[in-house]
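Here the structure is laid out as structure tokens; the discussion comes afterwards.
Read-outs: derived from the displayed coordinates by stated rules, not from any lab. What you see is a predicted model; the values in this text were computed from it and never measured. Don't worry about glycine lacking a Cβ; one is built from the backbone with ideal geometry, like all the others, and counts go over all protein chains shown.
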């Protein structure tokens with residue numbers, strides 16, 4: 001079960017990052033003027049929300065139930081804070097990704113409540129852009145201390 005959830009979590013990250021990039025670019029581009037229910041940025045924002053919610057669910061399942069890494073971390077949390085790799089998994093990755101999910105959700109709500117197309121685009125671009133930056137920053141890229149493969153199989 002652990003391996004399956006980890007593989008799905010790893011692959012869906014690409015959908016989340018791509019959706020975040022497209023939602024941000026769509027919000028910036030002139031094509032996203034108009035009604036929030038009918039523009040590309042809003043549609044990609046919805047895809048981003050669905051993907052992030054699924055990622056969060058899978059990530060929390062890994063974090064609290066399935067991962068042998070976090071199980072070991074929870075057994076000696078003080079020691080884990082002295083180890084940069086364990087600290088990344090125990091605190092940094094989780095915190096960064098939860099912030100990304102929260103900012104993306106807030107951005108979509110703020111954009112849908114905007115009174116003008118310009119305000120909608122600005123709110124979407126800022127929040128989706130920040131969420132995407134956080135996702136990229138919190139991803140365990142190969143070559144980093146806590147790095148993992150780009151594609152798990």
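At 222 nm, what value in deg cm²/dmol follows for the chain if DSSP H runs of at least 4 each add -39500 (n - 2.57) and the sum is divided by all its residues, to the nearest 500?
-23500 deg cm²/dmol
Counting only C-alpha contacts under 8 Å and six or more residues apart, can you give the relative contact order of segment 2-138 as a whole percent? Each step should come with its number before you reach the end.
On the way: 161 pairs, mean separation 44.2, N = 137.
In percent, rounded to a whole number, it is 32.
Viscosity 1.567 mPa s, temperature 4 °C: Stokes-Einstein D of segment 54-126 from its Kirkwood Cα radius, in µm² per second?
91
What value does segment 103-153 have for Rg/Rh, both radii from Cα atoms and Rh as Kirkwood defines it?
Result for segment 103-153 is an Rg/Rh of 1.23.
Place the peptides 129-139, 65-75, 18-28 in order of packing, highest mean first, counting for every residue the other Cβ atoms within 10 Å and averaging per peptide.
Taking the mean over residues of other Cβ atoms within 10 Å, the ranking is 18-28, 129-139, 65-75.
If N is the number of residues in the chain, what value comes out of its Cα radius of gyration divided by 2.2 N^0.38 Å?
Dividing the Cα Rg of the chain by 2.2 N^0.38 Å gives 1.14.
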